[in-house]
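Accompanying notes for the structure given below.
The values are calculated or read from the model by the stated rules, or taken from the named source; none is laboratory data. On a predicted model such as this, the values are computed, not experimentally measured, just so you know. Positions of Cβ are backbone-derived with ideal geometry, glycine not excepted, and every protein chain shown enters the neighbour counts.
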Amino acid sequence: MLEELQLPYQLHMLPFPPRVRQRSYLELNPLGTVPLLCHGQARLTESAAICEYLAALHPEAGLSVGPQEADFAAYLNWLHMSDATLTFPQTLVLRYAHFEPPERRQPQVAQDYQRWFLARLRAVELATAERDWLSAGRFTAADVAVGYALMLSTHLDMQTQWGTATQAYWQRLQARPALHRALLAEQQAARAQDVDATPSPLLRT
Ligand SMILES: N[C@@H](CCC(=O)N[C@@H](CS)C(=O)NCC(=O)O)C(=O)O
């Protein structure tokens, strides 16, 4: 969102999970979760809310959809669907297939929530079969948020199970220069701050 809006920002990388590996972070965010956006007195810990907040602060960029627009409801629905419905089930896959030590892994949980995610992805497949972007006939914060869920899904090797319209939508998202800049910023910040982070396979340089 910050790169799409071309706003200046400072990116602080944290060892994962910060709750265990950087306890001082709990003073800023008692939940210990990432992301955290600090802006003036504002503190936001929900990704979709961060997208909505930044888009609303800069309406001139067209990344938000206002109540006066026909697609206002669709925009909000996609924005909330991104994390609540599309990213959340993938965190169970991540945890129970990858992050837990082998004796605590739960292949059945991982498999069930992968299927759950892929079934919900049908909404994206139907929408993107008809239009380039999810709402209002333009790229919005909803595409940023849903795009993140798709990116996570590529990291979990699910891409071959997406529909063709979702694949094409992901190509359009990857062509956004801001995505490339954001991944590069992440990689550079990790290096500069000496935080272990695997470079994204999506980086083209
Ligand atoms: N609903 C929040 C979820 C935040 C969240 O749970 N982040 C995970 C990473 S995806 C995290 O920080 N986990 C570390 C922990 O639970 O200690 C969002 O969408 O931003």
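For Ala168, only one of the following conditions fails: (1) hydrophobic (A, V, I, L, M, F, W, C); (2) buried (at least 20 other Cβ atoms within 10 Å of the Cβ); (3) over 18 Å from Thr85 (Cα atoms). What is its number? Condition (2) is where Ala168 drops out.
Give the residue that is farthest from Gln10 (Cα to Cα), with candidates limited to residues of region 43-77 that are touching a Phe, Trp or Tyr at 6+ places or on another chain (Cβ under 9 Å) and of a type in the set (S, T, N, Q). Result: Ser64.
Considering only residues in region 15-40 that are under 17 Å from the mean Cα position of the chain (by Cα) and assigned to a loop (DSSP other than H, G, I, E, B), the one that is surrounded by the fewest Cβ atoms within 10 Å (Cβ to Cβ) turns out to be Pro35. Candidates are the residues of region 94-125 that are among the polar types (S, T, N, Q) and in contact with a helix residue (DSSP H, G or I) (Cβ under 6 Å, 6 or more places away or on another chain); the one that is farthest from Phe16 (Cα to Cα) is Gln114.
The set of residues from region 31-42 being away from the ligand (no atom under 11 Å from the Cβ) and farther than 15 Å from Leu11 by Cβ comprises Gly40, Gln41, Ala42.
Return the residues of region 183-202 that are part of a loop (DSSP other than H, G, I, E, B), loosely packed, with under 12 Cβ neighbours inside 10 Å and of a type outside the set (Asp, Glu); say none if nothing qualifies.
Of the residues in region 183-202, the ones part of a loop (DSSP other than H, G, I, E, B) are 193-202.
Now narrow it down to the ones that are loosely packed, with under 12 Cβ neighbours inside 10 Å: 194, 196, 198, 201.
Correct list: Thr198, Pro201.
Residues in region 43-57 that are more than 14 Å from the chain's Cα centre (by Cα) and within 15 Å of the ligand (Cβ to nearest atom): Arg43, Leu44, Tyr53, Leu54.
Quick check, is Val144 of a type in the set (Val, Ile, Thr) and either modelled with pLDDT under 95 or surrounded by fewer than 21 Cβ atoms within 10 Å (Cβ to Cβ) (or both)?
Working: of a type in the set (Val, Ile, Thr): yes; either modelled with pLDDT under 95 or surrounded by fewer than 21 Cβ atoms within 10 Å (Cβ to Cβ) (or both): no.
The answer is no for Val144.
All of Leu173, Leu121 fail the test of being touching a residue at least 40 places away in the same chain (Cβ under 8 Å), closer than 26 Å to Ala73 by Cβ and surrounded by 15 or more Cβ atoms within 10 Å (Cβ to Cβ), apart from Leu121.
Listed here are the residues, each with its yes/no results for (1) surrounded by 18 or more Cβ atoms within 10 Å (Cβ to Cβ); (2) under 24 Å from Thr140 (Cβ atoms).
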residue	(1), (2)
Glu3	yes, yes
Ala48	yes, yes
Leu54	yes, yes
Ala84	no, yes
Arg95	no, no
Tyr113	yes, no
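If you go through region 1-30 and keep only what is in contact with a Phe, Trp or Tyr (Cβ under 6 Å, 6 or more places away or on another chain) and away from the ligand (no atom under 11 Å from the Cβ), you end up with just Leu2.
Take region 41-97 and flag every residue that is under 23 Å from Ser153 (Cα atoms), of a type in the set (Phe, Trp, Tyr) and free of Cβ contacts under 8 Å to residues at least 12 places away in the same chain. Please lay out each step first, then the result.
So in region 41-97, the residues under 23 Å from Ser153 (Cα atoms) come out as 45-52, 74-97.
Checking which are of a type in the set (Phe, Trp, Tyr) leaves us with 75, 78, 88, 96.
Scanning region 41-97 gives a single hit, Phe88.
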